[in-house]
Amino acid sequence: METGAQDGSSGYSTMDDYESLISTTDAELLKRAWQNEKAAPQILRFEAALIQRSREQIKLMEETVGEFTRNGIDPLTVSLYQMDLDRTVFLLRSYLRTRLQKIEKYVFHIQKTAELWNRLSRQEKRFAERCIEDMEKHLDQSVLSKLPSSYKSHLKQSSSSEEDDMVPEPRLDTYVICRSKRFLGAFQLDDRQFPVNIEADDLYALPYKSIKPLVETGQIDLV
Amino acid sequence: MASQADAHAATFSAAELEFLAEDELIEIVPNMRMDPLNLICGDFGPFRPQIATQVPVWLAVALKRRGKCTIRPPDWMSVEKLTQVLEAERDAEKFQPLPFHYVEISRLLFDHARDDIPDIYMVRSLIEDIKDVRFHKIGTGLEIISRERTYALRLKNLSAMEANIVRPFVTRALQTFYKLNSPDMIQESDSVSNRQPQTANRGPRRQLKDR
């Protein structure tokens with residue numbers, strides 16, 4: 001999901017750079033980010049730069065459409081620009097909304113896992129904090145405050161639990177369907193499996209856990 | 001709070017898949033003049049009467065609905081090509097290569113550009129037949145997952161819509177097998193002596209099934 005391929009992880013060849021240069025517009029990247037976010041069980045890194053650029057493009061396009069309307073440009077042209085704009089806005093909204101849903105669902109888990117917490121944007125962190133506050137208050141008022149003192153935690157079943165066993169977590173062993181743009185070669189699923197050959201443009205159903213690093217470095221896309 | 005069940009719900013809705021398919025390029029022949037469009041998703045045009053140009057499907061459909069162009073159906077949508085695909089699809093066990101969004105694109109064109117597709121009835125019924133044969137194959141393919149231990153599945157040439165439809169079942173089935181094969185699970189099952197003789201299947205047969 002890197003735009004400048006230089007900062008991507010190793011394994012990118014010059015041909016891939018060339019390919020990504022000619023084929024990846026921000027619209028394309030946003031679409032991929034949306035698809036990955038929708039299909040991944042876990043929250044992914046917030047695509048800050050991409051979202052920022054998309055927002056600016058949307059704003060710019062809104063101004064352009066407004067200008068067109070004022071200048072009496074052919075309504076057909078205006079409506080086509082508007083459609084393009086609507087499509088981008090839909091992607092952006094759906095991307096953000098998918099993330100909010102995941103945050104809401106796994107908020108306690110995200111809060112206590114630094115790696116995940118750092119994947120959120122500033123606004124998302126604020127949302128998560130409010131979400132936590134509300135959830136704690138709600139659980140406390142409706143149930144926990146009425147229970148004996150060793151059962152009052154919203155993270156543990158009882159004070160004898162060693163771990164936080166009441167925190168919903170995404171299941172990383174969920175299978176996902178993914179596709180790679182390039183041949184990735186033999187890929188070790190996990191230590192008890194034989195390697196799987198990942199060919200370009202073929203679909204595979206694989207456990208999310210085993211391809212997680214590839215998703216995070218943008219080498220494989222979820223579909 | 002969060003239940004596991006909804007994690008397995010279809011990831012994309014049919015409408016969302018159609019949305020994705022609408023970004024695929026297709027050739028149109030405009031019947032009007034229009035300056036190039038510099039859209040967020042790319043630059044298209046200029047549009048000149050009778051001069052073919054490539055645009056995304058959504059743009060083609062928008063122009064078509066206003067009577068501003070004719071759409072040139074893609075090569076794979078000809079009776080000749082589809083007949084070949086259908087025959088090959090029936091003969092071979094493997095899936096024939098078709099565009100990733102063939103279901104959605106053909107549907108969009110049937111809905112909005114009927115008069116631009118030669119032999120539309122033929123084309124339509126061929127695509128329906130191909131879809132049926134493929135879905136039947138998917139069904140029989142799924143039986144293989146249940147007969148043999150499978151950990152990773154290669155879904156060669158499966159289209160977006162097909163993958164999305166089998167997703168809930170396939171991902172769940174594979175996940176269950178994966179879990180059952182976890183080392184502690186196997187120890188447990190091996191200690192039960194009167195189990196079905198499954199040892200034959202536990203060998204190193206990890207090659208992927210082409211589906």
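Taken together, the values in this text are just the output of simple stated rules run on the coordinates, not laboratory data. The model shown is predicted, which means the values in this text are computed figures rather than measured ones. Heads up, the Cβs are rebuilt from the backbone with ideal geometry, glycines too, and the neighbour counts pull from every protein chain shown.
Structure values in brief
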quantity: Whole-Hz couplings from phi, Karplus 6.51/-1.76/1.60, listed for the stretch B:99-107; x for Gly and Pro; calculated: x, 4, 10, 4, 5, 5, 5, 5, 4
quantity: Per-residue ³J(HN,Hα) for the stretch B:35-45, Karplus 6.51 cos²θ - 1.76 cosθ + 1.60, θ = phi - 60°, Hz, x for Gly and Pro; calculated: 5, x, 9, 9, 8, 4, 7, x, 9, 9, x
quantity: Ranked A:Lys137, A:Lys105, criterion: other C-beta atoms within 10 Å, fewest first; calculated: A:Lys137, A:Lys105
quantity: Dipole in debye (nearest 20) - the stretch A:5-168, about Cα centre, beta carbon charges: Lys, Arg +1; Asp, Glu -1; calculated: 620
quantity: Taking all pairs of distinct alpha-carbon atoms in the stretch A:5-168, Kirkwood radius in angstrom; calculated: 19.3
quantity: Normalised contact order of the stretch B:10-189, rounded percent, pairs of Cα under 8 Å and 6 or more residues apart; calculated: 21
quantity: Residues whose placed amide H lies under 5 Å from that of B:Leu37, excluding near-sequence neighbours; calculated: B:Phe44, B:Gly45
quantity: Structure-based [θ]222 nm, chain A - -39500 (n - 2.57) summed over DSSP H runs of at least 4, per residue, nearest 500; calculated: -17500 deg cm²/dmol
quantity: Prolate/oblate/rounded call for the stretch B:20-65, Cα gyration tensor, a/c under 1.5 rounded; calculated: oblate
quantity: Where the Cα pairs of the stretch B:10-189 fall when distances are cut into 5 Å bins, in %; calculated: 1, 7, 14, 15, 15, 13, 10, 8, 6, 4, 3, 2, 1, 0, 0
quantity: Ranked B:Val79, B:Val133, criterion: other C-beta atoms within 10 Å, fewest first; calculated: B:Val79, B:Val133
quantity: Neighbour-count order for A:Trp117, A:Trp34, fewest beta carbons within 10 angstrom listed first; calculated: A:Trp117, A:Trp34
quantity: 10 Å-binned pair-distance histogram of the stretch A:81-223 (Cα, whole percent); calculated: 10, 27, 27, 22, 11, 3, 0
quantity: Three-way shape call for the stretch A:52-145 based on the alpha-carbon gyration tensor, with the a/c threshold at 1.5; calculated: prolate
quantity: Overall form of the stretch A:171-223 per C-alpha gyration tensor (a/c, 1.5; a/b vs b/c); calculated: oblate
